[in-house]
1. What do you reckon, is ARG429 farther than 23 Å from LEU327 by Cα and touching a strand residue (DSSP E or B) at 6+ places or on another chain (Cβ under 7 Å)?
2. Could you list, in sequence order, all residues of the range 219-272 that are polar (S, T, N, Q) and within 12 Å of ligand 1 (Cβ to nearest atom)?
3. Search the range 36-65 for residues that are over 19 Å from ALA279 (Cα atoms) and pair each with any residue that is in a helix (DSSP H, G or I) and open to solvent by less than 20 Å² (accessible area, probe 1.4 Å) when their beta-carbon atoms are under 6 Å apart and the residues are at least 6 apart or on different chains.
4. Considering only the range 1-27, state which residues are open to solvent by 20 Å² or more (accessible area, probe 1.4 Å) and assigned to a loop (DSSP other than H, G, I, E, B).
5. Can you tell me which residue is farthest from the chain's Cα centre (by Cα) among those in the range 1-41 that are hydroxyl-bearing (Ser, Thr, Tyr) and either away from ligand 2 (no atom under 16 Å from the Cβ) or under 20 Å from GLN93 (Cβ atoms) (or both)?
6. Can you tell me which condition LEU158 does not meet? The list is (1) of a type in the set (A, V, I, L, M); (2) in contact (Cβ under 8 Å) with a residue 24 or more places away in the chain; (3) open to solvent by 30 Å² or more (accessible area, probe 1.4 Å), and all the others hold.
7. If ALA347 meets every condition in (1) open to solvent by 10 Å² or more (accessible area, probe 1.4 Å); (2) in contact (Cβ under 8 Å) with a residue 24 or more places away in the chain; (3) small (Gly, Ala, Ser) apart from one, which number is that one?
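The values are calculated or read from the model by the stated rules, or taken from the named source; none is laboratory data. Quantities reported herein were computed from a predicted structural model and do not represent experimental measurements. Here the Cβ positions follow ideal geometry from the backbone for every residue, glycine too, while neighbour counts run over all protein chains shown. Remember, those area values only see protein heavy atoms, side chains included, never the ligands or the DNA or RNA. Shrake-Rupley method; radii C 1.70, N 1.55, O 1.52, S 1.80 Å.
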Amino acid sequence: MKLYNTLTRKKEEFIPIEAGKIKMYACGPTVYNYFHIGNARTFMTFDAMRRYFQYRGYEVTFVQNFTDVDDKIIQKAKEEHIEAHEVSEKYIQEYFKDAESLGILKADIHPKVTENIQEIIDIIKELENKGFAYAVNGDVYFNVSKFKEYGKLSKQSLEDLQSGARIEVNEAKQNPLDFALWKNAKEGEPSWESPWGKGRPGWHIECSAMVKKYLGETIDIHGGGGDLVFPHHENEIAQSEAACGKTFANYWVHVGYLNVENKKMSKSLNNFFTPREIAQEYDLEVIRFFMFSAHYRNPVNFSKDLVEAAKNGLDRLYNAKNNLTHLMTTAEEGVKNGEEWVEELSAYRKNFIEAMDDDFNTADGISVIFEMVRHINSNISADSSKEALQKAYNMLIELSGVLGLLNKAEETSLEAEIEELIEKRQQARKDRNFKLADEIRDELKARGIVLEDTPQGVKWKKA
Ligand code: AMP
Ligand code: ZN
């Protein structure tokens, strides 16, 4: 499998540290609000990557954190006259609700900053002992000039960065590029005891501490949205590699930005969407389909037309699924019709894997699913064997399932279920099992279904 690595700016062969196992970390949300569809794109991408690795037989440990201490959380708590932890706890619960409705599975671990303060302090102490950090009046800063490889992820030299840096009024820092590892406590803000006095962690250090604690000193894949390359991920590398003396992550994966009607999403432009707003108009599976219709590294534009197109695309897949289900309920077993075209379906699986193995190309993967659906549609008929239909159905569900698609109960299931019950009742009557036949009739009656014997067989209608 090939994966694009931001660190080398190349597609590389993916080789895990330990054969068959993957340690993967994605930077999660700052929990002061509902997440928006831009965040959703990033979360969904890592969710599908994890599903795909598992599909290919890897044992994946996936960690996605919650940033539950932050200026924005503190600000929101002040506005609402509540505690910061009440804000973050509320939006963590809301994260899980929205994630579920988008088909995003829970990570193996969702660590929080507030539960890892000791680990954060330990790593800062380590950096201080090794001369990479300095304390000034209760703040602690990372000394960027001490880490010779600073800038390796964002491909900027220290000199370039320094000449472009704003001269800040902050007297405490030795260099404008130095960043806070620990911040001295301010009145009314959450704080913890530390060797430097009461305070709270800076933003970047949390991920270095949590990666080390939950996954180890070197991991396979680390990622987030493209906005995190600099400074966040650059700083994570500096902290972790300076403290541990080892490579922090072998592959850096960044998800392209999602814009709305070709503009950056922002509250002031009023083009800011949350999944729950979109859910009023669309089933959120449409959004999942929409996201995977593009390659994860390309920017995507969110517009009404494109979402409509995604809805039509997803409908086509559901139609194929429903068609197969429907035919399966009436098809006869043992009939040998359709075995040849079904054998050809494994070629689509191979093509799907080839697309996904090429830097996780979900757009091409979806095209393969469509080609397969065309192949199925042009071959199925009322005399296809049950076995053939079942195999086609399984393949469609297998490939779509890798992307977390088509797992909704099908819409015509009521119809199929009733047909099945009627068939069962007919069989019971043939077997002279009148008790069962009557029970089935009563069950149907209770559900408002009336049966009618006609020369063409049993017909049903809603009472
Ligand atoms: P935040 O809550 O802002 O820390 O963001 C959580 C995750 O969403 C991070 O990985 C961000 O990089 C990512 N993200 C934020 N905005 C967008 C966007 N418009 N498109 C794609 N990913 C985004
Ligand atoms: Zn992070």
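1. Values: farther than 23 Å from LEU327 by Cα: yes; touching a strand residue (DSSP E or B) at 6+ places or on another chain (Cβ under 7 Å): no.
No.
2. Start the filter on the range 219-272 by keeping residues that are polar (S, T, N, Q), which leaves 235, 239-240, 247, 250, 259, 262, 266, 268, 270-271.
Scanning the range 219-272 gives ASN259, SER266, ASN271.
3. Cβ pairs passing all conditions: ARG51/VAL402; TYR52/MET356; TYR52/VAL402; TYR55/VAL402; VAL60/ARG50; VAL60/PHE53; PHE62/ARG50; ASN65/MET210.
4. To start, the set of residues in the range 1-27 that are open to solvent by 20 Å² or more (accessible area, probe 1.4 Å) comprises 1-2, 4, 7-13, 15-21, 23.
Within the range 1-27, MET1, LEU7, THR8, ARG9, ILE15, PRO16, ILE17, GLU18, ALA19, GLY20 qualify.
5. Within the range 1-41, the match that is farthest from the chain's Cα centre (by Cα) is THR8.
6. (2)
7. Unmet condition: (2).
Rundown of residues vs (1) open to solvent by less than 20 Å² (accessible area, probe 1.4 Å); (2) at pLDDT 95 or above, yes/no style:
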residue	(1), (2)
SER384	yes, no
GLY404	yes, yes
THR412	no, no
ARG441	no, no
VAL458	no, no
